[in-house]
Every structure is written in structure tokens, then in C-alpha cells.
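Enquirer: Can you keep this structure in mind? I'll have questions shortly.
The values are calculated or read from the model by the stated rules, or taken from the named source; none is laboratory data. Because the structure is predicted, anything quoted here is derived from the model rather than measured. Here the Cβ is made from the backbone with ideal geometry for all residues, glycine too, and neighbour counts use every protein chain on show.
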Amino acid sequence: MATQAGLAQLVSKLRIKIQPVYRKMQNAEGPVGRIKMMRKSVTALVKYERLEMTYFRADESRGYAERLISEAVRHGDCHRPTMNLAKFWLEDEALVPKLFKVLVPRYQEWPSGLPYTRLLRAPSNITDYSENENMRRNRVVLELRGNPYPPLVGPMTKPHPGLIHNVLLEEARKDYFRTQNKLAQEAETEIQTLPDEDSCNLEGISREDIQEISENLQDAVITNNSKSNPQSSS
């Protein structure tokens, strides 16, 4: 246990899961070319803060970026081994100050357990990918959290209730249901105030009067038919 505790003090735990062995990637230069590829990806991620690439390359380079940022946050720019690590992984030396002056303050009070990077699948309906199915399936977006770009909202992402358009939609929804409930209550009140069928009697009219009215209507119908068809009446 003492050995594990000492190891934890030497190497901080990453905030993402990584494979126990490195992923083999096709490269003509072998392991050296693989490291060069990872350095390019880490450099581009620190520079642009959002990249689109294949899943295997993004997932592999993500671990190196997490380790670099974790060591920079932990030790700062006055720690020589950390500075050498930053100079190795960042091919552009101008990005070393950005790592310690921009990213480290951003992640200094970062919530515990939340990764510094995020990996999202890219949309599959882009025209550029239509000719290559393998590329369409394996394209992802790797980004640094807290970047200045607009957020990438996935299809299953829960909408943020504090955004202005979500607040307006929620109020419109409440107003709609309030109006519907009010109309339903008014309709129910009108139905309750209507008289029953038994109370709708023809008061003041006797049975003889009704029979006389019916006979007069029948005579009027016969007279009308005889006028419209004189041959049948003769």
C-alpha cells in the first residue's frame, strides 16, 4: 500500500479511461512515426482547442493531452520536468505560454473527476464523407472544455433550462396549457347551466293544437304538390 501511495504522489490519476496498451496505428515510420502523429495532434488541440479527426487518432492523442494538461496544472511553469514535457509535446514553442497562462488558469479550479477534453461523434450526413463510408463512421470531434467556440449540442443532450430561448418556450408552453384549462372550465360551466331535456316542454300548447298544426301542414304539402303537378290532380 505504501508503494501505491507513493506512486500516486508521483503520477496523478488521469480523468479519462485509457487502454492498458497503446493502440497500433498504421504508419510507415513505425513507433517513431506514431509519436510524431501524436505530437501533431496534441499541438493542434492546444492551438485550435477543437479538432475533427478519425476516432482512433483522437482517442489515442486525447490521453497524451490529458496527461500534459494534468501535469501543467499540478506543477506549473516553474517545474523543470513539466516544462520539458510541454516543450516535447508542443511542436510550436509559442504554445507553451498558452498552456501555462491560459489553460492552466482555466482548469485550476476544475471540478474533480471532470476531464479537460471531450470527445464527440461528428455528424454522418456531411457530403464530404458520402464517398467513404469508413470515414463517415469514424469521424469525431476532440475539443478542450471551456473553449470559446459555440457548444456542440448532441441529439441526446438535455436542453439547458437557463438559456433565453428555452425560458421563452417554457413560458409559452405554460401559457398554452393555462388557456386550454380555462376554456375547458368555461365549457363545463356552460354545460352545467343548460336546462334538462325534461324541462324543455312546450308550455301553453295543448294536444289538440299540436294535432291541428300537423293537419294544416299536411294540407299545405298536398296543395303544393297539386300545384306543381296538375296532371296528377285531375
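Enquirer: Cβ-Cβ under 8 Å, sequence separation 6+ or interchain: first residue in the range 24-46 and within 21 Å of Asp92 (Cβ to Cβ) and assigned by TED's automatic domain parsing to the domain that holds Leu103, partner of a type in the set (Ser, Thr, Tyr) and not in a helix (DSSP H, G or I). Which pairs?
Expert: Arg34/Tyr22; Leu45/Thr117
Enquirer: Please specify each residue of the range 49-85 satisfying the condition of being part of a loop (DSSP other than H, G, I, E, B) and over 22 Å from Arg34 (Cα atoms).
Expert: Matches in the range 49-85: Gly76, Asp77, Cys78, His79.
Enquirer: Pull out all pairs, ordered by first then second residue, where Cβ-Cβ is under 8 Å, the residues are six or more apart or on different chains, the first lies in the range 171-187 and is surrounded by 10 or more Cβ atoms within 10 Å (Cβ to Cβ), and the second is part of a helix (DSSP H, G or I).
Expert: none
Enquirer: Do you know which of the residues in the range 51-72 that are in contact with a strand residue (DSSP E or B) (Cβ under 6 Å, 6 or more places away or on another chain) and surrounded by fewer than 17 Cβ atoms within 10 Å (Cβ to Cβ) is farthest from Glu91 (Cα to Cα)?
Expert: Tyr55
Enquirer: Would you check if there is a residue in the range 97-119 being small (Gly, Ala, Ser) and in contact (Cβ under 8 Å) with a residue 60 or more places away in the chain?
Expert: The answer is yes; a qualifying residue exists.
Enquirer: Okay, moving on. Restricting attention to the range 41-56, which residues are more than 25 Å from the chain's Cα centre (by Cα) and either over 22 Å from Arg23 (Cβ atoms) or at pLDDT below 95 (or both)?
Expert: Lys47
Enquirer: Here's a follow-up. So is Leu163 closer than 30 Å to Leu119 by Cα, under 60 Å from the mean Cα position of the chain (by Cα) and modelled with pLDDT of 70 or more or not?
Expert: yes
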